[in-house]
1. Quick one: if you stick a label point 7 Å off each Cα along the C-beta vector at residue 66 and residue 88, how many nm between them?
2. Roughly how far apart, in whole Å, are the Cα centres of region 55-84 and region 14-51?
3. Sorted by average packing, counted as other Cβ atoms within 10 angstrom per residue and highest first, what order do 15-25, 61-71 take?
4. Apply the Karplus parameterisation 6.51 cos²θ - 1.76 cosθ + 1.60, with θ equal to phi minus 60°, to every residue of region 66-78 and state each ³J(HN,Hα) to the nearest whole Hz, in sequence, with x for glycine and proline.
5. Residue by residue, what Karplus-based ³J(HN,Hα) values in Hz, rounded to whole numbers, does region 44-59 have, using 6.51, -1.76 and 1.60 with θ = phi - 60° and x for Gly and Pro?
6. What nm distance separates the two modelled labels at residue 57 and residue 10, each placed 7 Å from Cα along Cα→Cβ?
7. From the square roots a ≥ b ≥ c of the eigenvalues of the alpha-carbon gyration tensor of the chain, which class results: rounded (a/c under 1.5), prolate (a/b over b/c), or oblate?
8. First select every other residue whose beta carbon is under 14 angstrom from the beta carbon of residue 36; then total the charges, Lys and Arg +1, Asp and Glu -1.
Amino acid sequence: MNSNPTELTVLHEPLDAILRSELGSGNKIAEIQIGGWSEVDIVVSLKFPFGKDYQSEFPNITFHRNTDTHYSLTDSYTANREAVEAPY
């Protein structure tokens, strides 16, 4: 876990573009996790819900809505073993 969630994080495209869009719209980074998921190597968790749907803008990303209450209820976009997630 990154101890400074405001530190600039650079992800591969298109997730970097999604992260920068969200930060530019006023969203904030809540946490950065490195290594904890089986499917990705880094997760950037946002403080607020995504401001828009990015699926049509970036067709090469995977969208997932977690509905398992054992975990945080989040929407996430994944690509290149990286993820950006936000509460919904």
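1. 1.3
2. When both Cα centres are located, 10 Å separates them.
3. Packing proxy ranking, top to bottom: 15-25, 61-71.
4. Coupling constants for region 66-78: 7, 10, 7, 6, 6, 10, 4, 7, 9, 9, 9, 10, 10 Hz.
5. 9, 9, 8, 6, 10, x, 4, x, 7, 8, 9, 4, 6, 6, 10, x
6. Each label point is offset 7 Å from its Cα along the Cβ direction, giving 2.1 nm.
7. Rounded.
8. The answer is -4.
Each reported figure results from applying straightforward, stated rules to the coordinates on display, with no laboratory input. All values derive from a computational prediction rather than experimental measurement. Every residue, glycine as well, gets a Cβ built from its backbone with ideal geometry; the counts of neighbours run over all protein chains shown.
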